[in-house]
Structures are given as C-alpha cells and as structure tokens.
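Engineer: Here you go, one structure.
The values are calculated or read from the model by the stated rules, or taken from the named source; none is laboratory data. These numbers come from a predicted model, not from an experiment. Heads up, the Cβs are rebuilt from the backbone with ideal geometry, glycines too, and the neighbour counts pull from every protein chain shown. The protein model used for the area step is the full one, side chains on, heavy atoms only, and it has no ligands, DNA or RNA in it. Shrake-Rupley method; radii C 1.70, N 1.55, O 1.52, S 1.80 Å.
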Amino acid sequence: MSVKSDALFVPLNIAVLTVSDTREYATDTSGQLLVSRLLEAGHSLAERNLLKDDLYKIRAQVAAWIADERIQVVLITGGTGFTGRDSTPEAVGCLLDKHIDGFGELFRAISILDIGTSTVQSRALAGLANGTLVCCLPGSTGACRTAWEGILAEQLDARHRPCNFVPHLKPVQACESRG
C-alpha cells in the first residue's frame, strides 16, 4: 500500500449486513470476517444485521443506513449470485447516486486467481449514496476476504495514495462499536 507519510488514519463507522436464507449470527462466517477485519483496521462497527434474501427488506435496511448520519460505509455480503432468491444488486442499485464500476471489475479480476472463470458469475458492486459507500459482496467467506484484502482495506484508509474513498464520505463523530 502506498501511504502518505503525514496523513492520519480516519476511523470510519461501518455497518455490516448479511443477506442469507440459511445463516444465523452463529454461522455467519462472512459477516464475522468483515466485522473482525474492520475492527482490526481501527474502524467502528456502527450496526450489524442479518436478513433473509428479500429485495424490499434489503432495500429498506440499506436505505435506512444511507440516511443515518452516523454510518459512512455499508458492507453487504450475500445475495449477489444468480439463484431466484439472489436480489442484493437489484435491491441496492437503485439507491446509489453514483455507481463505482471499477469495484466489481477489480473484484472479479482479483478473484479469478482463486476461483477461475466462476468469477464471471459475481455481481459484486459498489456505489456512493448520500455520502455513504455501499459495497455488495458475494456471500462466501473467501470472497469477503478477497474484497477486504484486495480492495477495501486500502480504499477505507485515508492514508492510502494516490486516492481512497474517505474524502467522499460524510463526516461524522466516532460511534461506539456494536456487535
């Protein structure tokens, strides 16, 4: 990572949503990986939720977090595949003010090393809405690890150069971690 020597780390308030018809908090290894990584990096867990794969419930939760003045980043794991129930991209896409096309492209470029051509079935996406970064990741723990290590760790760090997402996020006071 290229780091500007005089830049300061800015802890972000991050919400984590797991979308799954089968997982519970005890079996949610993907959501837990994201929580662990963001806390290890020095960020705060603003909120965490687990929802069934229901387009309108997902959209309502993400819209509430986008409107919440405390939340700067929303990380969503699950619901990005091609089964009949996978609806995270459809639930979230219409909420975004700006789509970050390079996020999905970079995720697929990185994940091809792990899963080969199966990466074409990833509908990972990201965008900005109301000063909130929203990232939709596949539901596997490996995919969440790939996204964190290959993209999110650097892009959520204000010290990363030549650019990162921190200047584009709404400014907020630190919040207590929940989880």
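Engineer: Could you list, in sequence order, the residues of the stretch 74-93 that are more than 14 Å from GLY31 (Cβ to Cβ) and among the aliphatic types (A, V, I, L, M)?
Structural biologist: Matches in the stretch 74-93: ALA91, VAL92.
Engineer: So, of the residues in the stretch 116-132 that are among the hydrophobic types (A, V, I, L, M, F, W, C) and at pLDDT 90 or above, which turns out to be surrounded by the most Cβ atoms within 10 Å (Cβ to Cβ)?
Structural biologist: Top of the filtered list is ALA126.
Engineer: For the stretch 97-107, give me the residue count where each residue is part of a helix (DSSP H, G or I) and surrounded by 17 or more Cβ atoms within 10 Å (Cβ to Cβ).
Structural biologist: Here the count works out to 4.
Engineer: Separate question: Can you tell me which residue is surrounded by the most Cβ atoms within 10 Å (Cβ to Cβ) among those in the stretch 39-70 that are assigned to a helix (DSSP H, G or I) and charged (D, E, K, R)?
Structural biologist: Restricting to residues being assigned to a helix (DSSP H, G or I) and charged (D, E, K, R), the top hit is ARG59.
Engineer: If you check ASP86 against the conditions, is it more than 25 Å from VAL166 (Cβ to Cβ) and crowded, with 16+ Cβ neighbours inside 10 Å?
Structural biologist: Judged against the criteria, ASP86 is a match.
Engineer: Step by step: first the residues of the stretch 1-38, then only those that are among the β-branched types (Val, Ile, Thr) and within 21 Å of THR132 (Cα to Cα), then the one that is most open to solvent (accessible area, probe 1.4 Å). Which residue is that?
Structural biologist: Residue satisfying both the conditions and the ranking: VAL10.
Engineer: How do the pairs read when you match residues in the stretch 124-146 that are farther than 14 Å from ALA63 by Cα with residues anywhere that are aromatic (Phe, Trp, Tyr), using Cβ under 6 Å and keeping only pairs 6 or more apart or on different chains?
Structural biologist: ALA124/PHE107; ALA126/PHE103
Engineer: While we're here: State which residue pairs qualify: first residue more than 20 Å from THR132 (Cβ to Cβ) and touching a residue at least 12 places away in the same chain (Cβ under 8 Å) and inside the stretch 92-114, second residue of a type in the set (Gly, Ala, Ser) and in a helix (DSSP H, G or I) in any location, beta carbons under 7 Å apart, and separation of 6 or more residues or different chains.
Structural biologist: ILE110/GLY150; SER111/ALA143; ASP114/GLY142
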